[in-house]
Amino acid sequence: MLHYPKIPGSRNAPGGRCIAFDKVDGTNLHWDWDRDFGWHAFGTRRDAFNLTAEGIDQFHAAHPGLEQASAAFLRQLAEGLDHTLRLNPRYATAQTVQAFTEYTGPNSFAGAHTHGDAMEVVLFDVVAADIGVVDPWSFVADFGHLRTPRVVYEGKLTGAFLEAVREGKYGVNEGVVCKGGTGGADVWRIKAKTYAYLERLKAHFGERWGDHWE
């Protein structure tokens, strides 16, 4: 099962208003919440494990290098997210929720991490059972008090803005993720990466740089 779709590049970007978030360079992880049981499962974009001692051990065996991920989530985000989901009226009827995060550190690059780094879990999307994908404006309003990506732009999505991102004019490392729409299936996402990040990919991966581009 694919828990989170691949975000398309900017070639076919829709028009309209958007919020552009700093694109965090890390590993995509999902965290599954139930109103009766709380946080009970987690995993990468393509798998899931019970959020128990046994399940965490299984996750570590399957994903070397991500050993700090579950502890970081439980320490940094779990309580604050649970609090919001239980008290915010927008989610009053949501029995289940998936929270999506990037697991990242100061030297993370293209999904690889450096042993010994201080790691953090950054919340970037929420999907509620009765709402679908939370729209970007509600996401900022409801979850912006938690560790979320920096908002670098809000307004009409234009080619000029995307080119400015590529040229490094917005102070981002990898690039941006632009999100628009009113919620649920109407929410759209596109990504744009910087030319500086492109050069890093070419230097590190050689001919395989395209596997990590847009």
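Each reported figure results from applying straightforward, stated rules to the coordinates on display, with no laboratory input. All values reported here derive from a predicted model rather than from experimental measurement. Reconstructed Cβ throughout: ideal geometry from the backbone, glycine too, with neighbour counts over all protein chains shown.
Below is a table of values for the structure above.
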| item | result |
| --- | --- |
| Top-ranked residue of region 165-187 - restricted to ones that are of a type in the set (Val, Ile, Thr) and part of a loop (DSSP other than H, G, I, E, B), ranked as nearest to GLY111 (Cα to Cα) | VAL172 |
| Qualifying position, being at positive phi, in contact (Cβ under 8 Å) with a residue 24 or more places away in the chain and of a type in the set (A, V, I, L, M, F, W, C), among ALA110, ALA185 | ALA110 |
| Meets criteria (under 19 Å from SER10 (Cβ atoms), touching a Ser or Thr at 6+ places or on another chain (Cβ under 7 Å) and of a type outside the set (Phe, Trp, Tyr)) for VAL172 | yes |
| Selection status of SER138, closer than 18 Å to HIS40 by Cβ and free of Cβ contacts under 8 Å to residues at least 60 places away in the same chain | no |
| Flag if ARG17 is over 18 Å from ALA99 (Cα atoms) and not polar (S, T, N, Q) | yes |
| Check on PHE73, closer than 13 Å to TYR103 by Cα and part of a helix (DSSP H, G or I) | yes |
| Test set (1) closer than 14 Å to ALA20 by Cβ; (2) touching a strand residue (DSSP E or B) at 6+ places or on another chain (Cβ under 8 Å); (3) exposed (fewer than 14 other Cβ atoms within 10 Å of the Cβ); (4) not charged (D, E, K, R) - THR158 fails condition number | (2) |
| Output for region 58-83, where each listed residue is of a type in the set (S, T, N, Q) and either under 14 Å from GLU120 (Cα atoms) or buried (at least 17 other Cβ atoms within 10 Å of the Cβ) (or both) | GLN68, SER70, GLN76 |
| Matching residues in region 39-57 - criterion: being exposed (fewer than 15 other Cβ atoms within 10 Å of the Cβ) and of a type outside the set (D, E, K, R) | THR52, ALA53 |
| Counted residues, region 1-52 - those being farther than 23 Å from HIS113 by Cβ and over 16 Å from the mean Cα position of the chain (by Cα) | 19 |
| Total residues in region 28-46, condition in contact (Cβ under 8 Å) with a residue 40 or more places away in the chain and under 24 Å from SER108 (Cα atoms) | 8 |
